[in-house]
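A.B. asks: So that we are looking at the same thing, I have put the structure below in structure tokens.
Every read-out reported here was derived from the displayed coordinates using simple, explicitly stated rules and does not represent laboratory data. Quick caveat: nothing in here was measured; it's all calculated off a predicted structure. Backbone-built Cβ (ideal geometry, glycine too); neighbour counts: all protein chains shown.
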């Protein structure tokens, strides 16, 4: 509305300084200055109008990233302490983090982050929804699927046993190789 009023005002000023033949009156310095002010105002209005349209057409967007603070992560299987970060377009004023449709955090300032530990939730499939909300109430949603797993103790013990066995086998092979080389007598 403000832009429309300014255009009407500039249009009336321009009409005032136009002659019947459609030529701009520029007979003295004062009139030349007024003509340049009118042209500059028109250019500023065009730039301002384009800027306003560009601002209102900004598309809302969210980009999620996850960070493993401490734990295990492979593909969508996770266990431990994690942080989910949301980078949002400038028109987003708040970001809501939902786990299985339960609101976990309503972040109203950047950085938009939610930290959690998988051990605080049931083992199994979980859906993370991150909703960005604009000042006009429009929303944009990003969804991720995660499988919260229990890191089995037997798996850790199995890895330790495997490392010990490999270490012992390499010691045995090294000692037998030394004996073979040590027992060989040079022929004279």
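A.B. asks: Can you tell me which of 112-124, 82-94 comes out highest on packing, and rank the rest after it, using the mean Cβ neighbours within 10 Å?
C.D. replies: Going from most to least packed, we get 82-94, 112-124.
A.B. asks: Hey, another quick one. First measure r as the distance between the Cβ atoms of residue 125 and residue 157, then evaluate 1/(1 + (r/R0)^6) with R0 = 25 Å and state the FRET efficiency to the nearest 0.05.
C.D. replies: 0.40
A.B. asks: Roughly how many nanometres apart are two label points built 7 Å out from the Cα toward the Cβ at residue 175 and residue 143?
C.D. replies: For the pair residue 175/residue 143, the computed spacing is 6.1 nm.
A.B. asks: Over the Cα atoms of region 62-148, what radius of gyration and what Dmax do you get, in Å?
C.D. replies: Rg, Dmax (Cα atoms, Å): 12.9, 39.
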